[in-house]
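The values are calculated or read from the model by the stated rules, or taken from the named source; none is laboratory data. The model shown is predicted, which means the values in this text are computed figures rather than measured ones. Please note: Cβ atoms are built from the backbone with ideal geometry, for glycine as well, and neighbour counts cover all protein chains shown. Side chains are part of the model used for accessible areas, which takes the heavy atoms of the whole protein and leaves out ligands, DNA and RNA. Shrake-Rupley method; radii C 1.70, N 1.55, O 1.52, S 1.80 Å.
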Amino acid sequence: MYETDLTDSQWQVMETILPVARRRKYSLRLIVNALLYLAKSGCQWRLLPHDFPPYPICFYYFRRWQADGRWAGLNKVLVEQDRQQSAPSGQASPSVAIVDAQSVKCSERGVLDKGFDGHKYIQGRKRQLTVDTGGRLLAAHVGPANENDRTGGRAVLEKLHQQEFKRLRLVLTDAGYDGRPLADWVQAHCGWRLETAPGLTGRGGFIPQPVRWVVERSISWLQWDRRLSRDFECETSSTEAIMYLSSIRHLIRKF
């Protein structure tokens, strides 16, 4: 029994979402437990403990559900259920989303799509996150660290638009996303208003912006999972899937 294993009540929530009807040689619950363990511990695929199904089986499900968008879909369902239970509005869909980016180092070998972030002096990748005002992950995009925030922001907002949150009307960003082209695209393509925080005031130090600071806390929550302590994945889409897995692990603990 590992800390990341799903309890019976948590699995009851998960099995209403996952395709559990088909007969399998290995329990789907064990496979999900293995993937949650991998995200939390940061171990290599071949080093998964032997009481889980063989790692090729676990990797198959990880990649298959990554390709068909099931990790993002599962995360959305859990976000909606958690919001109905604990959000002040009691609404499944958020009305406000917050966007921010995090640059992280890559592993030494086998990593594609990486670059150098000259602002933070990091060679690696940049993770773009959108969260609600409670810090729940709504959408994620990963690109090279030298990717402009406006470019990465447009990519993550496109993925957020595909999630079809019906009440969403306002997107909050920091000064790195400022500029009319992005704001006009968001208004025309998504029907949302993009509101940018003021830039640096020259007073020095970190000055939390109202509401927008929540996304910084969400970034630190993801960092608790060792698989996300740096970028170990060869493909950016795999990193996005690990981010959704981490979010799923945090959300399911509330049920």
Diagonalise the Cα gyration tensor of segment 143-188 and give the resulting equivalent ellipsoid semi-axes, square root of 5 times each eigenvalue, largest first, whole Å. 19, 13, 9
Once Arg180 and Phe116 are pulled to full extension, the length gained, defined as 0.36 nm per residue separation minus their Cα-Cα distance, is 20.5 nm
Check which residues have an amide H placed less than 5 Å from Asp231's amide H, if you skip close sequence neighbours. Lys105, Cys106, Ser107
Nearest-20 debye value, the chain charge dipole, Cβ charges on Lys, Arg, Asp, Glu: 380 debye
Compute the helix-to-body angle for 236-252: its Cα long axis versus the longest principal axis of the chain, expressed 0 to 90° and rounded to tens. 80 degrees
What list of whole percents do you get for P(r) of segment 1-143, with Cα-Cα distances grouped in 5 Å bins up to the one holding the largest distance? 2, 8, 13, 16, 19, 17, 13, 9, 3, 0, 0
Per residue, accessible area of the chain with a 1.4 Å probe, heavy atoms of protein chains only, in Å², comes to 50 Å²
I want to verify a result. In a Gaussian network model of the chain, Cα cutoff 10 Å, which of these has the top mean-square fluctuation: Arg227, Arg136, Arg180? Arg180
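Where Lys and Arg each count +1 and Asp and Glu each count -1, what net charge lies around Arg63 among other residues with Cβ under 12 Å from its Cβ? Let's see the in-between values first.
Details: positive: Arg64, Arg70; negative: Asp68, Glu233, Glu235.
Counting the neighbours of Arg63, the net charge comes to -1.
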Positive dipole terminus of the chain, leading residue within Gln187, Ala92, Val142 (C-beta point charges): Ala92
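Using +1 on the beta carbon of Lys and Arg, -1 on that of Asp and Glu, and nothing else charged, what's the dipole of segment 18-141 about the Cα centre, debye to 20?
I would put it at about 540 debye.
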To the nearest 0.05, the calculated FRET efficiency linking Tyr2 and Gln84 through their beta-carbon distance, R0 being 25 Å, is 0.30
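When the chain is fully extended, how far beyond the present Cα-Cα distance does Arg217 get from Phe255, taking 0.36 nm per residue of separation?
11.6 nm
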When N is the residue count of segment 1-44, what does its C-alpha Rg come to as a fraction of 2.2 N^0.38 Å? 1.19
For segment 43-56, 3J(HN,Hα) per residue [Karplus equation, 6.51 cos²θ - 1.76 cosθ + 1.60, θ = phi - 60°, Hz, x = Gly/Pro]: 6, 6, 4, 5, 9, 4, x, 6, 7, 8, x, x, 4, x
Full extension from Thr151 to Trp45: what is 0.36 nm times the residue separation minus their Cα-Cα distance, to one decimal in nm? 34.9 nm
Compare Thr151, Thr239, Thr16 in a GNM of the chain, Cα atoms joined below 10 Å, and give the one with the largest fluctuation. Thr16
May I ask which residue of Tyr121, Tyr177, Leu78 lies farthest towards the positive end of the charge dipole of the chain, with charges of +1 (Lys, Arg) and -1 (Asp, Glu) on Cβ and the Cα centre as origin? Leu78
For a quick check, take a GNM of the chain with Cα springs below 10 Å and name the residue from His141, His189, His161 with the largest mean-square fluctuation. His189
Quick one: what does P(r) look like for the chain with 5 Å bins over all Cα pairs, in whole %? 1, 6, 13, 17, 19, 16, 13, 8, 4, 2, 1, 0, 0
Taking H as built 1.01 Å from N, whose amide H comes closer than 5 Å to the amide H of Ile122, not counting residues under 5 places away? Asp117
Per segment 25-105, sqrt(5λ) over the Cα gyration tensor eigenvalues, sorted largest first, in Å, gives 30, 17, 12
What FRET efficiency would be calculated for the residue pair Arg230, Arg24, taking the C-beta separation as r and a Förster radius of 41 Å, to the nearest 0.05? 0.80
Residue by residue through segment 31-36, the couplings from Karplus 6.51 cos²θ - 1.76 cosθ + 1.60 with θ = phi - 60°, in Hz, x for Gly and Pro, are 5, 5, 4, 5, 5, 5
Considering only the other residues whose Cβ falls under 11 Å of the Cβ of Arg29, what net charge follows from Lys and Arg at +1 and Asp and Glu at -1? -2
